[in-house]
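The values are calculated or read from the model by the stated rules, or taken from the named source; none is laboratory data. Not measured: the values here are computed from a predicted model. Here the Cβ is made from the backbone with ideal geometry for all residues, glycine too, and neighbour counts use every protein chain on show.
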Amino acid sequence: MCGIVGYFDKTTANQTAVGERLLKMLEALACRGPDSAGVAMFGSLPPRHLVAQVKLGDSDNLAERAQLVTELAKEFGGEEFSRADAYLRFLFKEVDNLKPFLSKIESAGHDVEVVSVGRRLEIVKEVGSPGRLEKAFQVSKFQGKYGIGHTRLSTESVVDLSHSQPFWGHGYADLAIVHNGHITNYHQLRRIYEQRGVRFYTENDSEIVATFLADKLRQGKDLEAALHSMIIELDGSFSCLVATDKAFGFVKDPFSFKPLLFAETDQFVAVATEEVALRGAIPGNYSAREAQAREVKVWQT
Amino acid sequence: MANIDASAQSVREINQAIRHGIGRKEAVIVQNPGARHNLGVALLEVGEVRIAGSVGYYCGGLSDGASIEIEGSAGWGLAESMLSGTVRVHGNAGSGAAAALRGGTVVIHGDAAARLGVSLKGGTVLVGGNCGYMAGFMAQKGTLVVCGDAGEAFADSMYATECYVGGKVTNLGTDAVLATMDPGDVVRLEEMLAAYLPPALRKTKPRAVDFKKVVSGRKLWNFDKRAWKIWQEAL
């Protein structure tokens, strides 16, 4: 199972209660997966800054870790540090190459992981229900233009914070994915990427979707073309929602194994695994349609 | 008239209220369905149910005689294995609509997603818009009408269902073949469309005479090792 949701505000407003929308949609889908919940939201930042969300570790020395990561982040102009649960959030100065930043921050401990970096993107996830996610991060207060969310029923890898979704396209700023399904050529693809030096943080097959798309976007493809190449190169079942700083879209596998439906009006685009998530979160008179097999749809931000 | 507000009740309570309404020969209206699953499942008596909004999975499934009108969209497995009666959806339907339908009529004004009418065992399915991947797979009896375009692998490995498509077919499935529309087919289709999907209710509006007819090529009915190639493709 698993439930995925997405919301995109089409009006000119840059600030809408996207967090609240996503949370309500996730709550309506929580019965599809009680193992973990997470959101990737796109807000706005001061110019020439990036925002990072860093997982401080799995043990109980989080305060110590926070201090260590704070010191390391200051080398990159880190500021406005704030800690919520196992996460440290901070801003730092924009860089073209994220590699030095990532290896420095993640040197703080083997279980320290940079969960997201972006000009707009912030990912937070938590083991348990959407209610727990809200309690830890006050997701409903987040103002932004669009975002995606996930509620997980684990079928092939462990339940912990790192294995939860959304996944960041690690090393590629502002790319986030949520995936419902199974990627059956995951191990083959993973070996190919590992030979190229890509580090995987989990045993979750959904992580490969983010890695794959980051690779295609780096090659210069736009999001629409990258999503089409997923249909060709990834096997198995996938209904995926993907967002970058430039675009928001979805893709469905050739066999239409997994549900995904969307509603579009002049004001918004809303996408979810089940219509109950749309009706529960967004009042009004609009119609929804199940995406067809191989369907790709992208909206520019 | 039985007026049911679904918002504050469990699915079991809603379905019990629907059955009570039908049992008392009252027209039933379900308000605020909120796209919830399993509404109006296994209604075994003749009666009328109007659902004022969208429904989730399996609406109308296993029913025998009820007439259900859904004013929004429907999720997966609409009217699955229905025995008789009518299910009408004003919006779109999710995957597996009318799967294993045994009798009665399923009408979708908008689009149907993947696996429409798979293993159809009787009855009539009419779609005003397009249908998705693998519609009519292994269908055995009954009639499937799609006014718009049909997706990939249409009518794959079918036994004896008759299909009519008003728009384009992305590709025909294994052993599905185009047949000639004879005057009898045109009259029958005209009557079905007039009765269930007049142009005002349809997303796409081709004339009956412009539909294509798709039937089984019957090459998979009996195994023949000389026709090994078609079996290789089918399996």
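Quick notes on this structure:
- Residues that are closer than 24 Å to A:L260 by Cα and under 11 Å from the mean Cα position of the chain (by Cα) occur in the stretch B:146-169; there is at least one.
- Tally of residues being surrounded by fewer than 24 Cβ atoms within 10 Å (Cβ to Cβ) and over 18 Å from A:M1 (Cβ atoms) across the stretch A:162-185: 7
- Among the residues of the stretch A:82-110, those that are surrounded by fewer than 16 Cβ atoms within 10 Å (Cβ to Cβ), over 26 Å from A:K141 (Cβ atoms) and in contact with a helix residue (DSSP H, G or I) (Cβ under 9 Å, 6 or more places away or on another chain) comprise A:V95, A:K104, A:S107.
- Here B:S54 passes the criteria (1) in contact with a Ser or Thr (Cβ under 8 Å, 6 or more places away or on another chain); (2) surrounded by fewer than 24 Cβ atoms within 10 Å (Cβ to Cβ); (3) polar (S, T, N, Q) except the one numbered (2).
- Candidate set from the stretch A:263-279 (those that are in a loop (DSSP other than H, G, I, E, B) and of a type in the set (D, E)); member that is farthest from the chain's Cα centre (by Cα): A:D266
- Set B:K213, B:K203: member being touching a Cys at 6+ places or on another chain (Cβ under 9 Å), of a type outside the set (S, T, N, Q), surrounded by fewer than 18 Cβ atoms within 10 Å (Cβ to Cβ) and part of a strand (DSSP E or B): B:K213
- Some residue of the stretch A:280-290 being within 13 Å of another protein chain (Cβ to nearest Cβ), in a strand (DSSP E or B) and within 20 Å of the chain's Cα centre (by Cα): no
- Per-region count, the stretch B:182-200, residues among the aliphatic types (A, V, I, L, M) and crowded, with 17+ Cβ neighbours inside 10 Å: 5
- Within the stretch A:195-230, the set of residues being in contact with a Phe, Trp or Tyr (Cβ under 7 Å, 6 or more places away or on another chain) and either under 24 Å from A:H110 (Cβ atoms) or in a loop (DSSP other than H, G, I, E, B) (or both) comprises A:D205, A:S206, A:E207, A:I208, A:A210, A:T211, A:A214.
- Filtering the stretch A:31-68 to residues that are buried (at least 20 other Cβ atoms within 10 Å of the Cβ), part of a helix (DSSP H, G or I) and outside the structural domain of A:D111 (by TED's automatic domain parsing) leaves only A:R32.
- Test: residue in the stretch B:63-77 that is within 9 Å of chain A (Cβ to nearest Cβ), touching a helix residue (DSSP H, G or I) at 6+ places or on another chain (Cβ under 9 Å) and surrounded by fewer than 24 Cβ atoms within 10 Å (Cβ to Cβ): yes
- Residue match in the stretch B:177-187 (condition: out of contact with any Ser or Thr (no Cβ under 9 Å at 6 or more places or on another chain), at pLDDT 95 or above, under 23 Å from B:G96 (Cα atoms) and assigned to a helix (DSSP H, G or I)): no
- For the stretch A:291-301, the set of residues classified as in contact with a Leu (Cβ under 8 Å, 6 or more places away or on another chain) and more than 8 Å from every other protein chain (Cβ to nearest Cβ) consists of A:V296, A:V298, listed by residue number.
- Picking from residues in the stretch B:87-121 that are more than 14 Å from every other protein chain (Cβ to nearest Cβ) and over 10 Å from the mean Cα position of the chain (by Cα), the one that is surrounded by the most Cβ atoms within 10 Å (Cβ to Cβ) is B:S119.
- On inspection, B:G128 qualifies as more than 11 Å from chain A (Cβ to nearest Cβ), in contact with a His (Cβ under 8 Å, 6 or more places away or on another chain) and touching a residue at least 12 places away in the same chain (Cβ under 8 Å).
- Residues that are within 14 Å of another protein chain (Cβ to nearest Cβ) and over 19 Å from B:I108 (Cα atoms), drawn from the stretch B:35-56: none
- Extreme residue, surrounded by the fewest Cβ atoms within 10 Å (Cβ to Cβ), among residues of the stretch B:131-147 that are part of a loop (DSSP other than H, G, I, E, B), on the phi < 0 side of the Ramachandran plot and within 12 Å of chain A (Cβ to nearest Cβ): B:F137
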